[in-house]
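None of the figures in this text is laboratory data; all of them are computed from the coordinates on show. Note that the structure is a prediction, hence the values are computed from the model and not measured. Glycine gets a Cβ as well: all are built from the backbone with ideal geometry, and neighbour counts include every protein chain shown.
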Amino acid sequence: MTWPRPSRRDHEAFCRVEGWERVRVARGRTGTHHVTYELHLPDGRILRTRVSHPVDRTDYGRSIGAHILRDQLAVSEEEFWACTRDGTKPRRGVPRAPAETLPAKLVFVLLSKVGLAEDDVARMSRDEAIARVNRFWAEGG
């Protein structure tokens, strides 16, 4: 898909939606032509980006836009536009909790006692795993 060039307003909207902290504001003085944002990531990195002032609909050129997405925001174009337009925040490497997990002891019994393969156990729901262990013990396992 071909994406439009991000504007200064899109850049700032991305930062606001994702929850970046505004750390410095352009005040019209020489050398202060940007609004600066920071984002602290779960892995300990701190991302920093600067939105050119004034924040308006002025487009960034292709190369500067790519640089901002890649090096400052650390997102793809798809993630940028999903955040800016739909409010979908980038994942940022935070793993999703599985919907359901099996207790370690139950997995151990299924693998070592019942003799099931890891792939088979991984596909089981909690109820299926418990039923399979109960059947094993009922059959004299």
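Computed values, structure above
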| item | result |
| --- | --- |
| The range 1-25 residues that are in contact (Cβ under 8 Å) with a residue 12 or more places away in the chain, paired with ones that are small (Gly, Ala, Ser) and loosely packed, with under 12 Cβ neighbours inside 10 Å (beta carbon under 9 Å, 6 or more apart) | Arg5/Gly61; Val17/Gly87 |
| Number of positions in the range 112-141 that are part of a helix (DSSP H, G or I) and over 33 Å from the mean Cα position of the chain (by Cα) | 12 |
| Criterion (out of contact with any strand residue (DSSP E or B) (no Cβ under 6 Å at 6 or more places or on another chain), under 30 Å from Phe14 (Cβ atoms) and hydrophobic (A, V, I, L, M, F, W, C)) met by exactly one of Ala104, Ala129, Ala117, Ala99 | Ala99 |
